[in-house]
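Notes follow the structure.
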Amino acid sequence: MSRINDLYTNLSLFCVFRNLLSKKLFADFMAFAEAEKMSEKLKLYGEFVFEINKNGGNLAHCVQKMLFEDENVYVVAKAKGEKVPQSIKNAFSSELNTLTDFITLTNKTFQLDLKVVHPLPEFDTTRLNLKREYETRIENIEKYGYGIFASNCMFSVDENSNIIPVTSADKTDLDSFVGYQDERQRVIDNTLAFIEGKPGANVLLYGDAGTGKSSTVKAIANHFFDSGLRLLEIRKNQLLLLPKVMGEISKNPLKFIVFIDDLSFNQNDDSFSMLKATLEGSASVRAKNAIIYATSNRRHIVKESFADREGTEVHRNDTVQETISLSERFGLTVLFSKPPKALYLEIVNQLAKKHNIKMDKTELETKAEAFALSRGYRSPRCAEQFIDSLI
């Protein structure tokens, strides 16, 4: 029996990592082993190599990524601290040995199986001890995670209420910011305490538009990715899904920022009560491994008119206090206000240096100020837009 057939037999018996067989890379290999006609085998080999190249060009790294992202009975049990039956342990060990053998395949292995002299397209691979690497991740599951959370930092909730990775996620890092160090440090310190298992506060970042509130949250998530932090963004119109979302992540070994961007409510908004219950720690909504970070341009998140204050309710003052005090239910509130002229110009100069823009400083600052005045405000976003206009 050829090596291809040996691998085919062993892969067919997978019962722990069986989900891998549905991946196109493995499906192409299995179809290649089953095919009888030379023309069909050559076509499937080409698709196999195409799949490797499409995912970085290295067979071992492709398989490694699929393995780490696989959600299987073994890793789930380990993440929950449950005892794993010996039969599953045995299968787990055997299947990792098979995968370690699989990643040593080369074009010559297929050439021998086909019994052809003509060389086949090559592909790269690397010798990896998948078993040792996987066991290391299991031992540090609270940092690495598993399934879709293993290699993605940011997530959203789709129209079917499923948690999905964010494609083309924001790669902003903390080193890219100029100014607002004190404001940002308060959020960083709170996040670090949360990651370390200390009480972390729900955070409201509020203030003027374009001052970097949302970017701060995303940069923090990127910075602490290797510490086991993930960001799950939920839109305001999805707040009624909070119990479901919190339930899905509550037993995950990772830590989560549930992020609500540009938060505001109208009177009698149904989702108001859901967020209020979450912030107050309602057992039906809360997940111990999650905290809420929200951004808003308003200090008082609930929009209120003078007519609302006059009202006709007997205990109108109680209602008013409830609506304007939602922000007080955040354990930490951080103000991001419009930058003064000096900070705005400092941001402009730093961005110009970063993008290698050669211009006299006085001319640069004069044009930057004119740009801001034409838009009616100064902000880090305005500084970025000005630099983009020069580029």
Can you confirm whether S161 is closer than 22 Å to K251 by Cβ and exposed (fewer than 15 other Cβ atoms within 10 Å of the Cβ)? yes
When only residues in the stretch 138-183 that are under 15 Å from the mean Cα position of the chain (by Cα) and aliphatic (A, V, I, L, M) count, which is modelled with the lowest pLDDT? A169
Given the condition under 14 Å from D208 (Cβ atoms) and in contact (Cβ under 8 Å) with a residue 12 or more places away in the chain, answer yes or no: does some residue in the stretch 354-365 qualify? no
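Given the criteria within 33 Å of the chain's Cα centre (by Cα), under 19 Å from T104 (Cβ atoms) and at pLDDT 95 or above, does V16 qualify?
Taking the combined requirement at face value, the residue does not satisfy it.
Filter the stretch 21-60 for residues that are among the aliphatic types (A, V, I, L, M) and in contact (Cβ under 8 Å) with a residue 60 or more places away in the chain; which is farthest from G147 (Cα to Cα)?
Only one residue fits best here, namely M38.
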Taking the stretch 330-345 and keeping only residues that are assigned to a helix (DSSP H, G or I) and buried (at least 16 other Cβ atoms within 10 Å of the Cβ), one is left with L343, Y344, L345
Would you tally the residues in the stretch 142-175 being out of contact with any Phe, Trp or Tyr (no Cβ under 7 Å at 6 or more places or on another chain) and in contact (Cβ under 8 Å) with a residue 60 or more places away in the chain? 14
Top-ranked residue of the stretch 116-142 - restricted to ones that are assigned to a loop (DSSP other than H, G, I, E, B) and among the β-branched types (V, I, T), ranked as surrounded by the fewest Cβ atoms within 10 Å (Cβ to Cβ): V117
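The values are calculated or read from the model by the stated rules, or taken from the named source; none is laboratory data. What you see is a predicted model; the values in this text were computed from it and never measured. Cβ coordinates were reconstructed from backbone atoms using ideal geometry, including for glycine residues, and neighbour counts include every protein chain displayed.
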